[in-house]
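What follows is a short report on a single structure.
The values are calculated or read from the model by the stated rules, or taken from the named source; none is laboratory data. Note that this is a predicted model, so its numbers are computed, not measured. We place every Cβ from the backbone using ideal geometry, glycine too, and count neighbours over all the protein chains shown. With ligands, DNA and RNA removed, areas are computed over all heavy atoms of the protein, side chains included. Shrake-Rupley method; radii C 1.70, N 1.55, O 1.52, S 1.80 Å.
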Amino acid sequence: MIRVALSVALLLCSTSFVRAQSACTRAMLQTAADSYIAAQKSGDISKMALSEKVKYIENMSDTTKEKGLWNTALPIALSNSIYDVGRCKTFSELVVTQGKQYVIGTRLTVKDGKITEIDSLITKDSDWLFNANNYLKYSSADDWSILPVDDRVGRQQLIDAGNQYFDFVFLDKGVRPPWGTPCARLEGGAYTNEKNEYKDTCQIPAPLGSMFVTNRTFVVDEEMGAVNVFCRFGGSTGMPDSHLFRLVNGRYRWVHTLSVNLTGKPIELPKAPPKE
């Protein structure tokens, strides 16, 4: 009898979990991301469907509803979003080239159609390789449409691709990231494939010394072949960073990076060691 009761309890728990998971849909996440973009354009956060209790974060520090940049109307020249249905999260890139320039990466956490967390990285002219005009120019040419089913890979493979990139670039040349051809890396505003050459792979001569990339968290969109990684460079209090990877057939196709300089001082990354 105890065994039967336990089985029934487990079945009910599993059913509840499935129902909770199925409550999150791609359409719901798209609506949430669109409402955030509309709020940012107007500077009116009331355009967002907010939960009663919302956590607000800017540049990896807690803030308040009143202090966030979302209260400032911005003329957004370009936006792009990915949707993680499994974890009910979104990630959006916003590019602002008129007036004060920004490139913003924002995550939303959604529950029952309401936004429970807004987490933004805001880059501007003092940040690593910042150039909003170039970011607009090059990212406008990228293709972030839904992938054909045969060109997709699973969630874990996308997460692995994000981890392998950081581990190779900053720690271990023995790691084998899934370099793709062609591939282009957009870093703040610097672009690796201006001539749109097919042979470019995004590969970096590495490792660039020893730098620990910590606090990695992921937003994964299997339909787009995309994974966004929020992390810190150099430890738990290091430089806030966003890397957005687009994989086609399991290989890197585009990499977008945003890095926030909290120090006010020029950023110096370790130089690559001489070739053996």
Residues of the range 69-92 being surrounded by 18 or more Cβ atoms within 10 Å (Cβ to Cβ) and in contact (Cβ under 8 Å) with a residue 60 or more places away in the chain, in sequence order, are Asn80, Ile82, Tyr83, Asp84, Val85, Cys88, Lys89, Thr90, Phe91
Go through the range 219-235 and count every residue that is more than 19 Å from Trp128 (Cβ to Cβ) and open to solvent by 30 Å² or more (accessible area, probe 1.4 Å).
2
Return a yes/no flag: does the range 139-149 have any residue that is modelled with pLDDT of 90 or more, closer than 18 Å to Ile82 by Cβ and part of a helix (DSSP H, G or I).
yes
Here's a check for you: in the range 114-132, which residue that is within 11 Å of Glu58 (Cα to Cα) and among the hydroxyl-bearing types (Ser, Thr, Tyr) is surrounded by the most Cβ atoms within 10 Å (Cβ to Cβ)?
Thr123
Only one of (1) over 23 Å from Asn80 (Cβ atoms); (2) of a type outside the set (Ser, Thr, Tyr); (3) at pLDDT 90 or above does not apply to Glu223, and that is (1)
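Hey, can you tell me all the residues within the range 96-113 that are more than 14 Å from the chain's Cα centre (by Cα), under 20 Å from Asp221 (Cβ atoms) and open to solvent by less than 50 Å² (accessible area, probe 1.4 Å)? Steps first, answer last, please.
Let us first name the residues in the range 96-113 that are more than 14 Å from the chain's Cα centre (by Cα), namely 96-102, 110-113.
After this cut, where a residue has to be under 20 Å from Asp221 (Cβ atoms) as well, the list is 110-111, 113.
The answer is Val110, Gly113.
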Going by the structure shown, is Gln203 open to solvent by 20 Å² or more (accessible area, probe 1.4 Å), in contact with a Pro (Cβ under 6 Å, 6 or more places away or on another chain) and of a type outside the set (A, V, I, L, M, F, W, C)?
no
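Report, by residue number, each residue of the range 57-68 that is in contact (Cβ under 8 Å) with a residue 24 or more places away in the chain and either of a type in the set (Gly, Ala, Ser) or crowded, with 19+ Cβ neighbours inside 10 Å (or both). Before the answer, list the steps.
Within the range 57-68, the subset in contact (Cβ under 8 Å) with a residue 24 or more places away in the chain is 57-60, 68.
Answer for the range 57-68, where residues must be in contact (Cβ under 8 Å) with a residue 24 or more places away in the chain and either of a type in the set (Gly, Ala, Ser) or crowded, with 19+ Cβ neighbours inside 10 Å (or both): Glu58, Met60, Gly68.
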Can you find a residue that is out of contact with any Ser or Thr (no Cβ under 8 Å at 6 or more places or on another chain), without any contact (Cβ under 8 Å) to a residue 40 or more places away in the chain and charged (D, E, K, R) anywhere in the range 199-212?
no
In the range 245-264, which residues are within 20 Å of Ile104 (Cβ to Cβ), touching a Cys at 6+ places or on another chain (Cβ under 8 Å) and open to solvent by less than 10 Å² (accessible area, probe 1.4 Å)?
Val255
Close pairs from the range 152-163: first surrounded by 19 or more Cβ atoms within 10 Å (Cβ to Cβ), partner β-branched (Val, Ile, Thr) and at pLDDT 95 or above, Cβ under 8 Å, at least 6 apart:
Leu158/Val220; Leu158/Val227; Ala161/Val227; Gly162/Val227; Gly162/Val229
How many residues are surrounded by fewer than 20 Cβ atoms within 10 Å (Cβ to Cβ) and either in contact with an Asp or Glu (Cβ under 8 Å, 6 or more places away or on another chain) or not in a loop (DSSP other than H, G, I, E, B) (or both) if we restrict to the range 168-186?
3
